[in-house]
Amino acid sequence: KQEVTQIPAALSVPEGENLVLNCSFTDSAIYNLQWFRQDPGKGLTSLLLIQSSQREQTSGRLNASLDKSSGRSTLYIAASQPGDSATYLCAVRRSGNTPLVFGKGTRLSVIA
Amino acid sequence: DAGVTQSPTHLIKTRGQQVTLRCSPKSGHDTVSWYQQALGQGPQFIFQYYEEEERQRGNFPDRFSGHQFPNYSSELNVNALLLGDSALYLCASSSGLAPPRDEQFFGPGTRLTVL
């Protein structure tokens, strides 16, 4: 059974700092990995999707990497801003159209 | 493109009652998945509908049932509500043809409170 772990559970950083969020999964046989952002009480916004054959994806100040063999992904956020404050969730999929398996998320606070 | 929409936004019910939540998928999508997210937890998969049939199901009791309509919209029904059913219910849509990206798009969720 696939298990996804996100460390740390919560993180507080000053504005402008670069930061890394970690995600690990127990079964390396994944189809893809998605990073989501969730604001309090709201739905999920997809940030980046990495296919199993890819090593990284970039969107603006965000960069996600994937090391499938070691069961790890990182989300790098450059020059953090207060508007980045949210919970970041990592999810993996075993094959096409199978359910996403989520971690519990990392709650990020960026202090102005 | 309206994206994935869900209704209602919030709902308060009492134990033992029944509830119906609704979801309209993103334009062009034909597959709808439902997830339950308890406070402080990641979303847990309930079930997925494709071509009006339940294609996959997570570890949820039969009190949780669903339906998909010909226009691809979907309903989630929960009978005999328990306090533990209080959660944010998320709907996600995708294409059943599983394009290479196979990305899921989520709606804003329905917050269900059971008293």
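A few comments on the model shown:
- Taking a straight Cα-Cα cut-off under 19 Å and skipping sequence neighbours fewer than 8 places away in the same chain, the lysines within cross-link reach of A:Lys42 are A:Lys104, B:Lys26.
- Largest to smallest accessible area among B:Lys13, A:Lys1 [probe 1.4 Å]: A:Lys1, B:Lys13
- The magnitude of the dipole of chain A, with charges of +1 and -1 set on the Cβ of Lys/Arg and Asp/Glu and taken from the Cα centre, is near 340 debye.
- Sequence ranges B:75-81, B:87-93, ranked by mean other-Cβ count within 10 angstrom, highest first: B:87-93, B:75-81
- Surface composition of region A:1-78: carbon and sulfur make up 47 percent of the accessible area, probe 1.4 Å.
- Averaging the Cα positions of each part gives two centres, and for region A:43-112 and region B:1-70 these lie 23 Å apart.
- Whole-Hz couplings from phi, Karplus 6.51/-1.76/1.60, listed for region B:5-15; x for Gly and Pro: 10, 9, 8, x, 7, 10, 8, 10, 10, 10, 3
- DSSP-defined antiparallel bridges as percent of all bridges, chain B, nearest 5: 90
- Here chain B is treated with +1 on each Lys and Arg Cβ and -1 on each Asp and Glu Cβ, and its dipole about the Cα centre works out to around 460 debye.
- 3J(HN,Hα) along region B:62-77, derived from phi through the Karplus expression 6.51 cos²θ - 1.76 cosθ + 1.60 where θ = phi - 60°, amounts to 5, 4, 9, 9, x, 7, 10, 9, x, 8, 6, 5, 9, 10, 10, 10 Hz, with x in place of Gly and Pro.
- Charge dipole (the protein assembly as shown, unit charges on Cβ, about Cα centre) - positive-most of B:Ser65, B:Thr31, A:Leu21: A:Leu21
- Close amide H pairs (under 5 Å, H built 1.01 Å from N) link B:Gln17 with B:Leu81, residues at least 5 positions away or on another chain.
- Estimated distance in nm for a label pair at B:Glu54 and B:His67, the labels positioned 7 Å out from Cα along Cα-to-Cβ: 1.4
The values are calculated or read from the model by the stated rules, or taken from the named source; none is laboratory data. All values derive from a computational prediction rather than experimental measurement. Cβ atoms come from the backbone with ideal geometry, glycine included; neighbour counts cover every protein chain shown. In case anyone asks, the SASA skips ligands and DNA or RNA and just uses the protein heavy atoms, side chains included. Shrake-Rupley method; radii C 1.70, N 1.55, O 1.52, S 1.80 Å.
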